[in-house]
Amino acid sequence: MIIPPPLRPGARVHVVAPSSPFDVEAVRRGIAWLAQRHRVVHAPTLFTRRQGFLAGTDEERLAELQEALDAPDVAAVVTARGGYGALRLLDRLDWSAFLRAPRWLVGFSDATALHCEVAHRGHASLHAMNVAGLGDADDEARARWLGALEDPTAPRSWQDLSPLSGPGVAEGRLFGGNLTLLFTLAASGRLHVPEGCLLLLEDVTETSYRIDRMLTALSLGGHLQRAAGIVLGTFTDCSPGKYDVPVEVVLQDRLASLGIPVAGGLPVGHGAHNDPVPLGRAARLECGRPNGTSLRLLPEG
């Protein structure tokens, strides 16, 4: 697994909008904060273009993202927001320059489509707040975000997670993100879950039966069975639906039977807290142990 170099003060950070339209003022605030430490660049049309539910035409968004992936001096490519749209670009992206000069891809939600493409090519990326989120984040959350990029191999652990399976331990490289995007990638034939990974899942505004459908489909396709363990972020505003089945019941039902360690409660996703998680980093999940349930990043090398 190739881990991109850490960001140094003054590094070039390219903001892109491959997905949906965004809150312009929030993104401006996020860029202003980033610009205090790094050199932020973006397309001249970033704040003006729009095409229905997309932040510009496919050609505009593709050209913007491709430029960010190709430019030799870019240290990080950060998405403005999520929503929908990155999927429409996947079959037209050229990753050759990115592979020659690795840089961080940063974002979450719809950026899961890009994270999976990066992982399939053997590179780490950062599941973290988009620029719009940075615009509204507090100082502590911003510091964690920046620290994950400036010291990407630093130790980190999350304690007091909630076990959804029996006791167990799993080690593997972190992979995943938004459940809906993983389900969609599987339908497109572009989901490549690494054997023995720790699978991260989160989602927003889905009903229980839809979450059941997506997890069942991923299981029937053999994707979930490739994971050594599963860690759940937040399932924000995911409702029981008209059948009044809590989301927690669905997650327990669909995942506990896999026979691998499963834990919930990671502060990652669309909720109030969205900790940065380096996808591709090796990690250890301890579930239901005497000292509790935790996720810990392992040393690289």
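Quick notes on this one:
- Residues that are within 19 Å of residue 57 (Cα to Cα) and outside any loop (DSSP other than H, G, I, E, B), drawn from region 15-41: 15, 16, 24
- Residue list for region 261-301, restricted to those being surrounded by 20 or more Cβ atoms within 10 Å (Cβ to Cβ), of a type outside the set (S, T, N, Q) and within 12 Å of residue 163 (Cα to Cα): 261, 262, 263, 264, 266, 285, 286, 287, 295
- Region 219-263, residues that are small (Gly, Ala, Ser) and within 19 Å of residue 209 (Cα to Cα): 219, 221, 233, 239, 241, 256, 257
- Scanning region 225-270 for residues that are part of a loop (DSSP other than H, G, I, E, B), of a type in the set (D, E, K, R) and within 22 Å of the chain's Cα centre (by Cα) turns up just one, 237.
- The C-beta contact set for region 276-295 (first residue in contact (Cβ under 8 Å) with a residue 60 or more places away in the chain, second residue surrounded by 24 or more Cβ atoms within 10 Å (Cβ to Cβ) and among the polar types (S, T, N, Q), distance under 7 angstrom, 6+ apart or interchain) comprises 279/125; 280/125; 286/293; 287/293.
- For region 198-224, the tally of residues that are out of contact with any strand residue (DSSP E or B) (no Cβ under 6 Å at 6 or more places or on another chain) and outside any helix (DSSP H, G or I) stands at 5.
- Residues that are buried (at least 18 other Cβ atoms within 10 Å of the Cβ), assigned to a loop (DSSP other than H, G, I, E, B) and not aliphatic (A, V, I, L, M) within region 104-149 comprise 108, 130, listed in sequence order.
- Hey, residue 190 out of contact with any Pro (no Cβ under 8 Å at 6 or more places or on another chain) and in a helix (DSSP H, G or I) or not: no
- Lone unmet requirement of (1) closer than 19 Å to residue 190 by Cβ; (2) surrounded by fewer than 20 Cβ atoms within 10 Å (Cβ to Cβ) for residue 29: (1)
FYI, it's all coordinate maths here, none of it is from the lab. Just so we're clear, the structure is a prediction, and the values are computed from it rather than from any experiment. Note that we place each Cβ from the backbone using ideal geometry, even for glycine, and neighbour counts take in every protein chain shown.
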